[in-house]
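The values are calculated or read from the model by the stated rules, or taken from the named source; none is laboratory data. These numbers come from a predicted model, not from an experiment. Reconstructed Cβ throughout: ideal geometry from the backbone, glycine too, with neighbour counts over all protein chains shown. These area figures cover heavy atoms from the full protein model, side chains too; ligands, DNA and RNA do not enter into them. Shrake-Rupley method; radii C 1.70, N 1.55, O 1.52, S 1.80 Å.
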Amino acid sequence: LATGRLGAIQHDEGFVAAAMTNYISALQTELAPGADGYSPDAFETLQNMAVGQRDLGKGTASISTIERAVNLQKQQLEAEQKVNEKVEDKALMASLARSYALGAELLRGSDKSKCAKGLRWAHEALSLQQRVDGDVLKTEQADILNTIGNVQSDLGRYNDAGNSYKASLSIHEKLEPNGNTATTASVYGNLGSLLHRQGRFQEAITMYEKSMKLQEAVLAPSNPDIAVTCNNLAVSLTKLGKLEDALEYAKRAVALVDESDLQESNGDKQLFGATLKHIQGQIGKQAAHKSMRVQEQ
């Protein structure tokens, strides 16, 4: 098994640090350009490495890595077009679309200028993917629309984000009637986050529950995405005062990341721990108030 592929398997199972070691090893050979340019595996490994760096809390490094992938892919496309303008390397174009879309996701949470750059990259990704697919709808377009919705939500463009998520789900529903994919789960989760931002907590919970049902069906039990959904459910349930239910989801989120090899400095690990601590504090306050009322009686 190639080291890059092994790294991807380890990454999916939550062993991010181990995966990064294999990505670095794989790139030592994959980034050696051959007669026809770089190996497609090199671009996939760079994409996976960027995600791994993000998961390890190395945001700046992750953006640099995906920018490196984009630049190498653009250079290769330009070189091929100089040789033959009439032939389009659709596999490379699709890979570049993935890099643009991933870059848009990695730029989220930054300042507004970087988010705006992310939105431009996401639209560039969609344009490229549509050129590759022609008139045929494919799940890649749905995934990019999901990313566009994420960035629009970050920029406060909630109506646009909702429309992008719905367009994404529409494609998924046409192509996958059963909806049993991790990407469909991701769209439901993002819709939940959008509804939570708008204060529509019960609707958010419904979307998170749909997301988790799909995640549990298609992802490894230790996949970090399940922990994210658990934490999101805990936060929305807390807003509705359903603290006992929230506590169970918060505990599960923390347990899942504790089973992984994520470092203590990882942003998600710290966030999930803070969520659990907050809920425990709220339950403690409720118990104290109840005790005081009993004593007063």
Kindly express, to the nearest 10 degrees and within the range 0 to 90, the angle between helix 139-154's C-alpha long axis and the longest C-alpha principal axis of the chain.
-> 50
14 Å beta-carbon shell around Lys239, net charge (K/R +1, D/E -1) = +1
The summed charge of the Thr229 Cβ neighbourhood (under 11 Å; Lys/Arg +1, Asp/Glu -1) stands at 0
Relative packing of peptides 183-189, 146-152 - highest average C-beta neighbours within 10 Å first | 146-152, 183-189
Rounded to whole Å and ordered largest first, report the semi-axes of the equivalent ellipsoid of the range 1-103 derived from its Cα gyration tensor (root of 5λ).
-> 26, 14, 11
Would you mind checking the tilt of helix 243-259 against the longest principal axis of the Cα atoms of the chain, expressed as 0 to 90 degrees and rounded to 10?
-> 40
Treat the chain as a sphere of radius equal to its Kirkwood radius over Cα pairs and apply Stokes-Einstein at 37 °C in a medium of 0.692 mPa s; give the translational diffusion coefficient in µm²/s, rounded to a whole number.
-> 159
Acute angle (nearest 10 degrees) that the helix 267-296 long axis makes with the longest principal axis of the chain, alpha-carbon atoms = 10
Virtual spin-label span in nm between Thr60 and Lys166, 7 Å along Cα→Cβ | 4.2
Proximal lysines relative to Lys82, as straight alpha-carbon distance under 17 Å, when same-chain residues fewer than 8 apart are discounted | Lys74, Lys90
Using r as the Cβ-Cβ distance of Ser127 and Ser291, and R0 as 51 Å, what FRET efficiency do you calculate, to the nearest 0.05?
-> 0.25
In the range 97-250, carbon and sulfur make up what percent of the accessible area (probe 1.4 Å)?
-> 48
Looking at the square roots a ≥ b ≥ c of the eigenvalues of the Cα gyration tensor of the range 143-297, which shape do they give, rounded for a/c under 1.5, prolate if a/b is larger than b/c, or oblate?
-> prolate
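What accessible area per residue comes out for the chain, rounded to a whole number of Å², with a 1.4 Å probe?
51
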Pull out the extension gain between Lys138 and Ile9, defined as 0.36 nm times the separation in residues minus the alpha carbon to alpha carbon distance; nm, one decimal.
-> 44.0 nm
Dipole size in debye (nearest 20) for the range 84-223 around its Cα centre, Lys and Arg Cβ +1, Asp and Glu Cβ -1?
-> 360
Once both labels are modelled 7 Å past Cα along the beta-carbon direction, what's the Glu78-Asp245 spacing in nm?
-> 5.5
Measuring from a point 7 Å past the Cα of Gln282 along Cα-to-C-beta, which residues in the range 227-249 have an amide N at less than 16 Å?
-> 230-249
The distance between the Cα centres of the range 97-140 and the range 73-92, in whole Å, is 19
What pairs from Lys114/Lys269; Lys210/Lys285; Lys58/Lys166 go past 29 Å between their alpha carbons?
-> Lys210/Lys285; Lys58/Lys166
Out of Leu102, Ala26, Asn159, whose Cα points farthest toward the positive end of the dipole of the chain (charges: +1 Lys, Arg; -1 Asp, Glu; placed on Cβ)?
-> Asn159
